[in-house]
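Input: a single structure, listed below in structure tokens.
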Amino acid sequence: MAWVDTHCHIDGEEFAEDREAVIDRAREAGVGRVFVPAIDLATSKRILSLSQQYPDYLYPMVGLHPEEVRADWREQLAAIKTLLPPPSTLRLPPILAIGEVGLDFYWSREFGQDQMEAFECQVRWAVETRLPLMIHCRKAQNELVSILKRYAKDLTGGVFHCFTGNEIEAQELLQFDRFVLGIGGVLTFKKSHLPEVLPRVVPLDRIVIETDAPYMAPVPMRGQRNEPAFTRYVLQKLADAYCVSEETIAAKTNENVARVFGVK
């Protein structure tokens, strides 16, 4: 039984000293693949290079994270776009998805309009390249949904990363029928409402597993640096919440990954 960690910043400095050991532990735990999102031009390039060292295990994304949208965002996007395959290419692109992109108004709206423009630009990339989106959204769901609706019929799909919302928010996101929700360590937190919300409104064919490592480690590893091997605790909690076996969760989430990302 193997499954996928669909969102892990394993390129980060937090893993510089023991990245090989982290990957070994992930394999041993049952993680068959790790998908790696970028946050800016530098990480996009770094992830492409790192994925070449671990072919068929680390899968790269490129994009500009909303918290990295600053005065130079147009220059960043222009440079990141050069990394994308041409729309007419017939080969499977080495880039898995456009991500991590989206909107984040949690700390500030100083670059709010710029974030929306940068996000819409990258949504258009997804339409042009037929790549899925890895979407980050915090305190900005109304604005994000409004932008996505303009392109919904042309998008191949993607992931609403790190979903922690309520039933209404889940239903609003699930209206984009080629998208799934990324579920990570928050599911295991004592005060999390996700174990009740998810089975009520989110079918198993609309979920994928993620860490967002090195952040948000699940119980019982909370407070530690998160890593892909810890997805086992998310898988276990999902199995409990949906009253199915861990094997069923692994199989269903793998099917969802294959459908959204085209990776089997």
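The values are calculated or read from the model by the stated rules, or taken from the named source; none is laboratory data. Keep in mind that this is a model prediction, so the values were computed, not measured. Cβ atoms come from the backbone with ideal geometry, glycine included; neighbour counts cover every protein chain shown. Calculation scope for accessible area: heavy atoms of the full protein, side chains included, ligands and nucleic acids excluded. Shrake-Rupley method; radii C 1.70, N 1.55, O 1.52, S 1.80 Å.
With the structure loaded, tell me whether residue 233 is in contact with a His (Cβ under 9 Å, 6 or more places away or on another chain), among the aromatic types (Phe, Trp, Tyr) and at pLDDT 95 or above or whether it fails that test.
Considered against the rule, which asks whether it is in contact with a His (Cβ under 9 Å, 6 or more places away or on another chain), among the aromatic types (Phe, Trp, Tyr) and at pLDDT 95 or above, residue 233 comes out as no.
Is there any pair with a first residue in the range 179-193 that is touching a residue at least 60 places away in the same chain (Cβ under 8 Å) and assigned to a strand (DSSP E or B) and a second that is open to solvent by less than 20 Å² (accessible area, probe 1.4 Å) and among the hydroxyl-bearing types (Ser, Thr, Tyr) whose Cβ atoms are under 9 Å apart and which are 6 or more apart or on different chains, and what are they?
180/6; 180/253; 182/6
Is it fair to say residue 162 is touching a Lys or Arg at 6+ places or on another chain (Cβ under 9 Å) and part of a loop (DSSP other than H, G, I, E, B)?
yes
Quick one: in the range 14-48, which of the residues that are over 19 Å from the mean Cα position of the chain (by Cα) and without any contact (Cβ under 8 Å) to a residue 60 or more places away in the chain is surrounded by the most Cβ atoms within 10 Å (Cβ to Cβ)?
Within the range 14-48, the match that is surrounded by the most Cβ atoms within 10 Å (Cβ to Cβ) is 19.
Looking only at the range 228-235, decide whether some residue is of a type in the set (Lys, Arg), touching a helix residue (DSSP H, G or I) at 6+ places or on another chain (Cβ under 6 Å) and under 22 Å from residue 59 (Cβ atoms).
Scanning the range 228-235, I find at least one residue that is of a type in the set (Lys, Arg), touching a helix residue (DSSP H, G or I) at 6+ places or on another chain (Cβ under 6 Å) and under 22 Å from residue 59 (Cβ atoms), so the answer is yes.
I'm trying to understand the selection: among the residues of the range 194-224, which are over 18 Å from the mean Cα position of the chain (by Cα) and assigned to a loop (DSSP other than H, G, I, E, B)?
Residues satisfying the conditions are 203, 219, 220, 221, 222, 223, 224.
Given the residues 103, 83, which is the only one that is out of contact with any His (no Cβ under 6 Å at 6 or more places or on another chain), within 25 Å of residue 213 (Cα to Cα) and in a loop (DSSP other than H, G, I, E, B)?
83
Give me the residue from the range 49-64 that is assigned to a strand (DSSP E or B) and under 13 Å from the mean Cα position of the chain (by Cα) and, out of that set, surrounded by the most Cβ atoms within 10 Å (Cβ to Cβ).
62
So which of 127, 145 ends up being over 16 Å from the mean Cα position of the chain (by Cα), under 30 Å from residue 189 (Cα atoms) and part of a helix (DSSP H, G or I)?
145
What do you reckon, is residue 255 more than 22 Å from residue 2 (Cα to Cα), surrounded by fewer than 16 Cβ atoms within 10 Å (Cβ to Cβ), at pLDDT 95 or above and of a type in the set (Asp, Glu)?
When the stated conditions are applied, residue 255 does not pass them.
Say we look at the range 97-117 and pick out the residues that are more than 18 Å from the chain's Cα centre (by Cα) and of a type in the set (Gly, Ala, Ser); which of these is surrounded by the fewest Cβ atoms within 10 Å (Cβ to Cβ)?
Among them, the one singled out is 108.
Can you pull out every residue in the range 213-252 that is on the phi > 0 side of the Ramachandran plot, of a type in the set (A, V, I, L, M, F, W, C) and surrounded by fewer than 18 Cβ atoms within 10 Å (Cβ to Cβ)?
243
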